[in-house]
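Accompanying notes for the structure given below.
Here, each number is a calculation from the coordinates, and none is a lab measurement. Note that this is a predicted model, so its numbers are computed, not measured. Ideal geometry is used to build each Cβ from the backbone, glycine not excepted, and the neighbour counts take in all protein chains shown.
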Amino acid sequence: MSESSARDRADVKVLLMAGGLGTRLRPLTDTLPKCLVPVGGRPLLEYWFDRFAEAGLRDVRINTHHLPDQVRAYIAAKNAARRFRVSEAFEPALLGSGGTVHENRDFVPASGECLIVYADNLSSVDLGAMIDFHRAHGDPMTMLLFRTPSPEKCGIAELDSAGRVVGFEEKPPRPKGNLANAGVYMLTGAAYHEMAHMKAFDLGFDVLPRFIGRMRGFAFEGYHRDIGTMESLRQAETDLATVYRAALGGRAPSELAPA
């Protein structure tokens, strides 16, 4: 990553969705927030901060709900290291992903840019490449896409020849493809505020269909897994030193780009 790229991306705001209950990961999540569940001995959030560091991203807001004090301790440690500026958005009652955007509508200036990230995935995505792709195409929003073996369980996008999203359906009973929403979105500040003013509950069901024809898909072939069940967590543990590391170009997960 060049110094100019790092500077250009340092002003991008990151809204990290991390307030979920993680009910399918019980009993682990009875005493641990889902976003701090360890994968290979490291909290799941830490893998996202790896990706942020590599892309030159610095300003992160994390929504919290379940066992928030543990996430606050994590945030305090991140801020003490002075590599990131991390703030918290506590939700006494879960607002839904759309509600979280609305509640944090002042986080992103209208003239700025924002990356929305669902924290409950383990991913090798190059966020810097996604940001550069977004800035090059001119549409207000970019959705990260990956190929899923279970399209009926995901939000499925249809792309035209220019990579524009021309169809999107959440958990379709008869999927038209296997390009799935990866839970990462890059937006202009104006698009973020448009989304916030919708006062919707869920991004997948309520918001994304309204951006059909106005967003591009950034399809990547790396590693991406939802850590939503014990089975998926065990598979991620197995993949970490092999498939996941290979997707990072052979680097160990903690080998970050320079600050």
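All C-alpha to C-alpha distances of the chain, sorted into 10 Å bins beginning at zero, yield P(r) values of 7, 31, 40, 20, 1 percent in whole numbers.
Within the set of other residues whose C-beta is less than 12 Å from the C-beta of residue 22, count the net charge using Lys and Arg as +1 and Asp and Glu as -1. Write out the running numbers ahead of the final one.
Values: positive: 24, 26, 34; negative: 30, 120, 226.
Here the count lands on 0.
Each label point was placed 7 Å from the Cα along the Cα-to-Cβ direction; for residue 205 and residue 11 their separation is 3.8 nm. Over the chain, dividing the summed -39,500 (n - 2.57) contributions of all DSSP H runs of at least 4 residues by the number of residues returns a 222 nm mean residue ellipticity of -8000 deg cm²/dmol. Separation of region 146-213 from region 38-55 is 25 Å, based on Cα centroids.
Of 13/78; 13/199; 34/153; 13/34; 34/78; 13/171, which sit over 24 Å apart, Cα to Cα?
Details: 13/78 16 Å; 13/199 20 Å; 34/153 20 Å; 13/34 22 Å; 34/78 18 Å; 13/171 29 Å.
Going by Cα-Cα distance, 13/171 fall outside the 24 Å limit.
Each other residue within a Cβ distance under 15 Å of residue 88 adds +1 if Lys or Arg and -1 if Asp or Glu, for a net charge of 0. Estimated at 0.36 nm per residue, the fully extended path between residue 221 and residue 153 surpasses their Cα-Cα distance by 22.6 nm.
Placing unit charges on the Cβ atoms of the charged side chains and taking the dipole of the chain about its Cα centre, the candidate lying farthest along the positive direction among 76, 134, 200 is 76. Distance between the modelled labels on residue 136 and residue 82, one decimal in nanometres: 3.6 nm (7 Å Cα→Cβ projection).
Comparing 81, 110, 191 in a Gaussian network model of the chain (Cα springs below 10 Å), the most mobile by mean-square fluctuation is 81.
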